[in-house]
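Let me begin by presenting the structure, written as structure tokens, before commenting on it.
The values are calculated or read from the model by the stated rules, or taken from the named source; none is laboratory data. The structure presented is a predicted model; accordingly, all values stated were derived computationally and were not measured. Glycine gets a Cβ as well: all are built from the backbone with ideal geometry, and neighbour counts include every protein chain shown. We work out accessible area using only protein heavy atoms, side chains counted, and drop any ligands, DNA or RNA first. Shrake-Rupley method; radii C 1.70, N 1.55, O 1.52, S 1.80 Å.
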Amino acid sequence: MSDENAKLSIGDKSFDMPVYNGTIGPDVIDISKLYGQTGAFTYDPGFTSTASCESKITYIDGDEGTLLYRGYPIDQVAEHGDFLETCYLLLYGELPTQTQKADFDHRVTYHTMIHEQMARFFTGFRRDAHPMAVMVGVVGALSAFYHDSTDISDPYQRMVASVRMIAKMPTIAAMAYKYHIGQPFVYPRNDLDYSANFLHMCFSVPCAEYKVNPVLSRAMDRIFILHADHEQNASTSTVRLAGSSGANPFACIAAGIACLWGPAHGGANEAALSMLQEIGSVDRIPEYVKRAKDKDDPFRLMGFGHRVYKNYDPRAKIMQKTCHEVLAEVGIKDDPLLDVAMELERIALEDEYFIEKKLYPNIDFYSGITLKALGFPTTMFTVLFSVARTVGWIAQWKEMIEDPKQKIGRPRQLYTGATQRDYVPVSLRK
Ligand code: CMC
């Protein structure tokens, strides 16, 4: 808390509200007693000025273009760490020692299989269902299979549920993919690391040997690290809100997946690639940039802009590098989509409209091209995001449950509907 108070005047009355300092980042004004003292609510659609919770997990400086996981810059974590180490860091707050890492890797590895009955669950879906629809359903159904880790008041059960979800998400995602393309499910392999195992479950088939390419599995791992957490974004806030009612962790993560699916959030990587494909060639870029700037045209440059970053998204830089590495490894020398992306980025970064509105490429701009080169269809892009973000959702959910100040999330509203009126029976209505 700081020595300062914020003062609010309404009419001739003045109210003091405490101001809190974080370790970094903007101060926050505590308005929790505002309604009790003044009878007024605050109004902040889209929560653009609202800190919904106290958190120690992830910090973003949108003006500087900085992203820290538990204090560590994202570029250092992505360069030197691996995804399971990142999971440990986000969940427990510190980087693991060698013994802690070996133990955590082992626990996750030995939870990757799912209840065999769940495999049959998939066949209830149409084959042409979007894999995200399947993810929402199957992840929600985990609570019907793992009853022994749904008691949120038990720290041991919370940890078991966390490990189970980190471990089983790649298996469920790979099964959603295999079901979608009509191939048999591939079981996890304990001799492979997290990302290599995921590629194996997605791309191997029983009739041929599949060797995981280490460059591609490292790229997959880096993509998972880059997407692991991102502060109080829409899906994380959804998970926290769902969890605030005491809902079990599997149900909360299913709610997060549903929110992530939207094109303004996790669905943007799919939308960004579709847009690059639609533009098709460098000569058509000016036409699309013009449309993006036209107030009467709903078209937006997908993969551009961010609610928090008003600078280059630090994840986008690493993703761009990873994209080049993957394209080189799979032997794509001249990818027209990459040409369009790089030229679009160059033009947009020099354009007054994008400069003035501080619209920079975000992580989704290059992730679509990378995932396509890895062999994934566009329908799987958001699914991969959900696999990576699961740890962030769980870490944030766990932090909330363990916060003694935690209350059910229950926002209020500015009501502008009809005032009280009397019911008219249908026979008398004109
Ligand atoms: N193309 C053209 N104009 C844009 C774009 C864009 N991609 N993004 C924002 N603008 C304009 C917008 O029209 C508005 O103009 P004005 O001030 O004249 O009304 C101004 O910039 C501010 O935009 P906003 O929609 O009020 O900003 P926001 O913070 O509500 O939206 C956003 C952020 C990410 C939803 C938005 O930038 C967007 O729709 N981008 C495209 C979708 C996308 O790439 N999303 C992925 C986000 S990163 C992944 C993740 O974290 O989930």
* Sites matching trypsin sites (Lys or Arg not before Pro) across the stretch 1-89 that sit in DSSP coil, with at most 13 neighbouring C-beta atoms within 10 Å -> Lys33, Lys56
* Over the alpha carbons of the chain, what is the largest minus smallest coordinate on each principal axis, giving the biggest first in Å? -> 78, 64, 58
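Within the accessible area of the chain, what % is carbon and sulfur when the probe is 1.4 Å and the other protein chains stay in place?
Working: 11700 of 21910 Å².
In the chain, the share of accessible area belonging to carbon and sulfur is 53 percent.
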* **Solvent-accessible ranking of Thr378, Thr97, largest area first, probe 1.4 Å** => Thr97, Thr378
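Using the heavy atoms of the protein chains alone and a 1.4 angstrom probe, what is the accessible area of the chain per residue in square angstrom?
Numbers: 21910 Å² over 430 residues.
For the chain, the per-residue accessible area is 51 Å².
When only C-alpha pairs under 8 Å and at least 6 residues apart count, what is the relative contact order of the chain, in percent?
Values: 589 pairs, mean separation 82.3, N = 430.
Relative contact order, the chain: 19 percent.
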* Within the stretch 2-98, which GluC sites (Glu not before Pro) sit in a loop by DSSP and count at most 14 neighbouring Cβ atoms inside 10 Å? -> Glu4, Glu54, Glu64, Glu94
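Listed here are the pairs Lys7/Lys293; Lys56/Lys101; Lys317/Lys372; which of them are more than 28 Å apart at the Cα? Write out the running numbers ahead of the final one.
Numbers: Lys7/Lys293 40 Å; Lys56/Lys101 21 Å; Lys317/Lys372 18 Å.
Violating the 28 Å Cα-Cα cut-off are Lys7/Lys293.
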* Okay, helix-only estimate at 222 nm for the chain: each DSSP H run of n ≥ 4 adds -39500 (n - 2.57), divide by all residues, round to 500 deg cm²/dmol; what do you get? -> -15500 deg cm²/dmol
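What percent do you get for the relative contact order of the stretch 108-252 when only Cα pairs under 8 Å and 6+ apart count? Don't skip to the answer; put the middle values down first.
Working: 145 pairs, mean separation 41.2, N = 145.
Relative contact order for the stretch 108-252 comes out at 28 percent.
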